[in-house]
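The values are calculated or read from the model by the stated rules, or taken from the named source; none is laboratory data. Small disclaimer: the values here were computed from a predicted structure and weren't measured. Neighbour counts are summed over all protein chains in view; Cβ atoms, including those assigned to glycine, are modelled from backbone coordinates with ideal geometry.
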């Protein structure tokens with residue numbers, strides 16, 4: 001239910017009270033009351049049960065990384081390379097053929113996790129990782145699959161995972177957004193709907209930091225405008241908005257807009273210090289790969305993610321595109337692995353050295369996996385892989401998951417999950433559980449019924465929890 005996290009009814013009562021006071025209410029008082037109301041919604045809240053994690057960093061590999069070419073090797077598939085696939089039956093034109101991995105795999109760490117030889121740095125933290133191989137998606141289309149993994153719904157427009165987490169737990173820093181998104185190469189398919197607040201109040205929406213230039217446009221005020229000038233302008237705007245709101249009671253959009261102005265004002269003081277990576281020692285910048293062209297972008301964002309979580313941001317998500325390897329798999333995956341390998345290794349090491357990994361959950365995933373076979377077109381073997389909803393792989397570290405472990409399995413060629421098989425909704429329920437939240441109780445009344453992240457319930461994947 002909405003209570004005790006947020007009460008629509010109580011919120012409307014407060015706003016009706018404010019709207020009914022008339023123009024005699026000073027703009028400063030109006031701003032102060034609205035700020036307190038927003039602070040109440042965003043204030044840090046008590047978990048429903050003892051949590052294992054208090055923050056999440058999600059590294060999202062958009063396009064769908066291949067499980068058999070990263071962390072789930074299949075020797076039996078390599079033996080079938082270029083042989084006709086059994087899945088050819090029913091195809092109108094051409095046929096499908098098996099594609100063996102172009103990479104070698106080896107066991108790494110004391111735990112013996114499987115990794116392809118393209119991962120040069122990640123073996124250093126292998127014993128911190130949990131490799132889950134049993135998750136299954138539901139849509140073969142990128143936008144729908146992205147929406148599903150990020151919001152629990154394939155349709156888009158529903159609250160994102162980060163929004164639900166902030167709704168349930170609030171934020172530990174009122175001067176920063178509780179939910180931050182970064183995109184390494186370009187916007188993911190579906191755009192900002194992947195981090196939408198949906199039907200939750202507007203202040204739970206993800207805030208995107210740009211990949212180049214100023215992370216947030218107009219973060220710094222013009223030189224001729226002081227903080228006092230800005231404060232007076234916001235107070236006057238609040239007065240005008242309050243007068244307008246009196247004529248249109250019950251409309252939450254205006255109040256949400258005013259709340260966003262106030263957050264922006266507070267962010268001007270906090271954000272510059274967080275995003276100023278020059279204050280980091282040179283050896284840290286080097287560890288994240290910020291001095292190398294191929295890793296600089298993702299490395300900068302991983303380091304920023306650590307700093308944001310350190311400052312109390314609840315959920316940080318980084319999208320890394322380019323994983324949709326229908327052709328030229330060897331070249332495509334090799335390049336993308338190289339771009340994220342060093343930074344994500346540094347992130348896990350850095351979190352551990354700072355004592356933050358224990359209660360920060362790091363998740364590496366895509367929207368689905370890839371097939372063990374591909375189409376032959378015009379007599380040409382396309383050495384890539386198609387979309388696969390039946391098998392995928394993901395990594396987790398810290399935040400209460402079983403480290404140095406492999407959970408679940410796929411069949412002998414990596415086509416379908418075979419053990420510890422669960423849908424995405426169960427993954428979401430598990431992530432909430434690790435943060436001390438119960439999906440069945442974390443609900444919000446909308447369109448005549450109580451809604452939740454999992455849509456209609458799910459269960460915790462106990463094998464993932466330490």
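Here are a few things to note about the model shown:
- Residue within region 172-195 that is in a helix (DSSP H, G or I), crowded, with 19+ Cβ neighbours inside 10 Å and out of contact with any helix residue (DSSP H, G or I) (no Cβ under 7 Å at 6 or more places or on another chain) present: no
- Residues (farther than 22 Å from residue 167 by Cα, in contact with a strand residue (DSSP E or B) (Cβ under 7 Å, 6 or more places away or on another chain) and not in a strand (DSSP E or B)) located in region 46-71: 62, 64, 66, 67, 69, 70, 71
- Residue within region 273-295 that is in a helix (DSSP H, G or I), more than 17 Å from residue 122 (Cα to Cα), in contact (Cβ under 8 Å) with a residue 60 or more places away in the chain and in contact with a helix residue (DSSP H, G or I) (Cβ under 8 Å, 6 or more places away or on another chain) present: yes
- Residues that are modelled with pLDDT of 70 or more, under 33 Å from the mean Cα position of the chain (by Cα) and either over 30 Å from residue 165 (Cβ atoms) or not in a loop (DSSP other than H, G, I, E, B) (or both) within region 196-245 comprise 202, 203, 204, 207, 208, 209, listed in sequence order.
- Within region 411-454, the residues that satisfy the criterion of being buried (at least 17 other Cβ atoms within 10 Å of the Cβ), in contact with a helix residue (DSSP H, G or I) (Cβ under 7 Å, 6 or more places away or on another chain) and part of a loop (DSSP other than H, G, I, E, B) are 413, 414, 420, 435, 437, 439, 442, 453, 454.
- With respect to the conditions (1) at pLDDT below 95; (2) in a loop (DSSP other than H, G, I, E, B), residue 323 lacks only one, and its number is (1).
- Residues that are surrounded by fewer than 19 Cβ atoms within 10 Å (Cβ to Cβ) and under 24 Å from residue 194 (Cβ atoms), drawn from region 124-141: 138, 139, 140, 141
- Residue count for region 109-134, restricted to those that are in contact with a helix residue (DSSP H, G or I) (Cβ under 9 Å, 6 or more places away or on another chain) and part of a helix (DSSP H, G or I): 5
- So residue 41, is it assigned to a helix (DSSP H, G or I), closer than 30 Å to residue 322 by Cα and either in contact with a helix residue (DSSP H, G or I) (Cβ under 7 Å, 6 or more places away or on another chain) or at pLDDT 95 or above (or both): no
- Region 369-396: number of residues that are crowded, with 17+ Cβ neighbours inside 10 Å and part of a strand (DSSP E or B): 11
- Checked against the criterion of being farther than 30 Å from residue 346 by Cβ, surrounded by fewer than 16 Cβ atoms within 10 Å (Cβ to Cβ) and over 31 Å from the mean Cα position of the chain (by Cα), region 94-113 contains one or more residues that satisfy it.
- Filter result for residue 399 (part of a loop (DSSP other than H, G, I, E, B), closer than 22 Å to residue 60 by Cβ, at pLDDT 95 or above and more than 20 Å from the chain's Cα centre (by Cα)): no
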